[in-house]
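A.B. asks: Quick one: the structure is below, and I'll ask about it shortly.
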Amino acid sequence: MFNQWPALGDEEPPSSPKPDTSVGLFDQLSPHLTALTAEQLEAVRARIRQVVQYQAVVGVLGKTGAGKSSLCNALFGQETASVSDVEACTRHPQEITLSYQNGKGLSLLDVPGVGESTTRDADYTELYASLMKELDLILWVIKADDRALSVDEQVYRDIVQPYADQHQVPVIFVINQVDKIEPSREWDWQRNLPGPRQAANIETKRASISRQLGVSPSQVCPVSAEAGYQLVALIDTVISVLPAEKRWSIAREAREEHVSKKSRQAAEQGLWDTITSALVVTLVRETAAKVVEKLAPVFSRLIRHFF
Ligand SMILES: Nc1nc2c(ncn2[C@@H]2O[C@H](COP(=O)(O)OP(=O)(O)O)[C@@H](O)[C@H]2O)c(=O)[nH]1
Ligand SMILES: [Mg+2]
């Protein structure tokens with residue numbers, strides 16, 4: 001019965017750098033779960049733990065110099081690991097296995113292939129086919145003043161998009177370094193804001209990238225990693241495209257100053273939804289409704305202390 005829950009990966013999550021909030025949360029919720037058998041309780045505990053400790057894998061794509069490392073550092077205080085740094089089983093590329101250093105709550109993979117010679121596309125097709133199954137999200141970084149988008153477009157349309165669609169991996173295009181958009185002297189480094197003409201050109205760039213790649217403008221986020229500009233909006237977008245049970249992972253690992261109230265609430269709601277859906281599949285409907293009703297105020301009181 002419990003395998004009706006969405007899969008979050010089979011292995012035990014690695015130890016998180018932050019305290020295991022799932023234990024405290026469960027301990028405080030369990031007195032309100034007396035209607036559950038020991039087995040049902042254990043299932044709920046495991047579910048909370050799975051969501052709270054989930055380690056998202058974010059594939060970061062983009063040409064060298066687009067600002068992948070800078071962006072990840074600004075968002076998460078963590079560098080990207082290149083795919084070759086992780087244990088990639090290339091002898092059987094269809095069965096690529098990734099293993100990550102323990103102690104990190106998030107894996108940021110610097111995925112090669114954008115902007116290199118097109119003769120290597122065949123190799124990358126295999127790499128992407130294997131990687132795509134492992135990824136929860138793709139951040140595709142484009143340098144704001146890069147006019148040669150055709151390579152990004154080709155790799156996206158021919159190689160990445162088919163796999164992303166098949167495995168339902170959300171893709172967000174990040175226009176980075178918008179402080180360099182003309183007239184760049186307009187950038188206000190004191191307030192970290194573009195000037196009026198620059199702001200208009202940033203919007204034009206966003207519209208043209210969305211048109212060229214055939215994606216919604218809401219999937220295209222202009223930011224400046226260096227200036228810390230629009231990183232809150234980027235995290236909002238990331239959280240909004242992820243399924244409920246994976247939001248917590250991003251909200252927990254992002255630098256606190258980039259996590260808006262809206263994003264935090266969406267992550268909390270995601271956790272609550274997974275707890276209640278666990279109760280619904282575990283208990284008969286009337287009992288589940290009663291337990292959920294009792295639990296709701298306890299959860300909202302507790303959750304404020306657990307973020
Ligand atoms: N002005 C400006 N420079 C940036 C920004 N993001 C990255 N850079 C610079 O661009 C260069 C390449 O960045 P890096 O993160 O190494 O790119 P990667 O190769 O994609 O990982 C570095 O010199 C960064 O300092 C930004 O938002 N604004
Ligand atoms: Mg880099």
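The values are calculated or read from the model by the stated rules, or taken from the named source; none is laboratory data. Model, not experiment: these values are computed from the prediction. Backbone-built Cβ (ideal geometry, glycine too); neighbour counts: all protein chains shown. In case anyone asks, the SASA skips ligands and DNA or RNA and just uses the protein heavy atoms, side chains included. Shrake-Rupley method; radii C 1.70, N 1.55, O 1.52, S 1.80 Å.
A.B. asks: Of the GluC sites (Glu not before Pro) in region 136-203, which ones lie in a loop per DSSP and count no more than 13 other C-beta atoms within 10 Å?
C.D. replies: Qualifying residues, ordered by number: none.
A.B. asks: For the pairs Lys143/Lys180; Lys68/Lys180; Lys63/Lys246; Lys68/Lys143; Lys68/Lys261, flag any whose C-alpha to C-alpha distance is greater than 18 Å.
C.D. replies: Lys63/Lys246; Lys68/Lys261
A.B. asks: 5 Å is the cut-off here: which amide hydrogens, built 1.01 Å from N in the peptide plane, fall below it relative to Ile175, excluding neighbours closer than 5 in sequence?
C.D. replies: It is Ile142, Cys221, Val223, by chain and number.
A.B. asks: By the scheme Lys and Arg +1, Asp and Glu -1, what is the net charge of all other residues having a beta-carbon under 14 Å from that of Val232?
C.D. replies: Result for the neighbourhood of Val232: +1.
A.B. asks: Ignoring ligands, DNA and RNA, how do Asp273, Asp123 rank by accessible area with a 1.4 Å probe, largest first?
C.D. replies: Asp123, Asp273
A.B. asks: Explain nothing, just compute: Karplus ³J(HN,Hα) = 6.51 cos²θ - 1.76 cosθ + 1.60, θ = phi - 60°, for every residue of region 164-169 in order, whole Hz, x for Gly and Pro.
C.D. replies: Karplus values, whole Hz, x for Gly and Pro: 4, 5, 4, 9, 6, 8.
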